[in-house]
Every structure is written in C-alpha cells, then in structure tokens.
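Below is one structure; the comments refer to it alone.
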Amino acid sequence: MSFDLEAARSVARGFLAAALVIVGFALAGSAVRAASFQPLEIVTKNGVQVFSVEMATTDEEKQTGLMYRKELADGKGMLFDFNPEQEVSMWMKNTYVSLDMIFIRADGRILRIAENTEPLSTRIISSKGPARAVLEVVAGTAQKYGIRVGDRVGHPLFGSK
C-alpha cells in the first residue's frame, strides 16, 4: 500500500477551506442577528419595561421565529411585523422554549396575551382580532412585569420611540 502525501495535503486543504467557509457563514449570521436588536418599551401600571428585541420582518424570519433555540433570556424577545394589521396565527412547532406571545394592534396597544405556550405544539394560537405585530418573550414575562391587555408598546412600528 502506498501513501500519496501530496493527495493527502490536497484533501486536507479542501476540508480546511470548507470549514473556514462554514465558520465564516456562522459568524456572519450571528453578526447580522445581533445587529438587528432594537429596544422596545411596554408601559404598564407598574412602570415601563424595556426589552431588547430581534426583528422578524421577512417571510423567512417570520416562519423561523424562535424555532430551535434552547433558551431565551429575560428581557430579550422577537418582534414579528405583520404590516398591514391583520388576523395573525402563530404556533410553537420546533420551538423548545415556552413563550408568552403578545399580540399588538397598529396603535401600539396590546390586543391579547397568550401566556406560557406549550413547546413543540402545532396548536394554532390566534390573535383573535387584527394585530400589527407579535412580541414573543420567555414564558412568565407578562405575569412577572404585570403586562396586560390595553398596555401601550413603544417602538417605531407603532409610530413611537
């Protein structure tokens, strides 16, 4: 059996190039994601709660949402833009973290809150009325901060902040 050192080096260079491309895409993806975080405020009777939200504006971003993530930190979330205001349906397929889904009208008022959603469920969660956006935060957030239907959300999507 003979060993071709040059062929082995060529294969190794190919693997290294592929690995660098994969790492480059991973780093670029995380940089793009991090750059898309924006502040969002919810004015409750307990005070103003500030969140750092990742924007989901494209069809692909809205379809993927928070799927496949194993954790979501307190104070973080994802804001889905469904302009124009419309009836919205969400689900928890491939979503491992229980969430509170906050449905928001075009005027920035909270329309509905679906609390403590069931991870991995394909059950449809409806806005039960026209919504401009949905804010997804870790389960228990609405209870913890006293967020209620009718509270005002401050963010550029709603003509504020």
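Key figures for this structure:
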| read-out | value |
| --- | --- |
| Residue match in the range 99-116 (condition: farther than 21 Å from Leu40 by Cα and not aliphatic (A, V, I, L, M)) | no |
| Residues being among the polar types (S, T, N, Q) and exposed (fewer than 14 other Cβ atoms within 10 Å of the Cβ) - total across the range 73-100 | 3 |
| All positions within the range 98-111 that are out of contact with any helix residue (DSSP H, G or I) (no Cβ under 8 Å at 6 or more places or on another chain) and in a strand (DSSP E or B) | Leu99, Met101, Phe103, Arg109, Ile110, Leu111 |
| Any hit, the range 57-78, residues being of a type in the set (A, V, I, L, M, F, W, C) and in contact with a helix residue (DSSP H, G or I) (Cβ under 7 Å, 6 or more places away or on another chain) | no |
| Positions within the range 146-157 being crowded, with 18+ Cβ neighbours inside 10 Å, within 15 Å of Leu79 (Cα to Cα) and modelled with pLDDT of 95 or more, in sequence order | Val153, His155 |
| Of all residues making up the range 112-145, the number that are open to solvent by 10 Å² or more (accessible area, probe 1.4 Å), assigned to a loop (DSSP other than H, G, I, E, B) and not charged (D, E, K, R) | 8 |
| Residues within the range 65-105 that are in contact with a strand residue (DSSP E or B) (Cβ under 7 Å, 6 or more places away or on another chain), more than 22 Å from Leu157 (Cα to Cα) and among the β-branched types (Val, Ile, Thr), tallied | 1 |
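The values are calculated or read from the model by the stated rules, or taken from the named source; none is laboratory data. Treat the numbers as computed from the prediction; the structure is a model and nothing was measured. Don't worry about glycine lacking a Cβ; one is built from the backbone with ideal geometry, like all the others, and counts go over all protein chains shown. Each accessible area value is taken on the protein alone, full model and side chains, heavy atoms only, with ligands, DNA and RNA left out. Shrake-Rupley method; radii C 1.70, N 1.55, O 1.52, S 1.80 Å.
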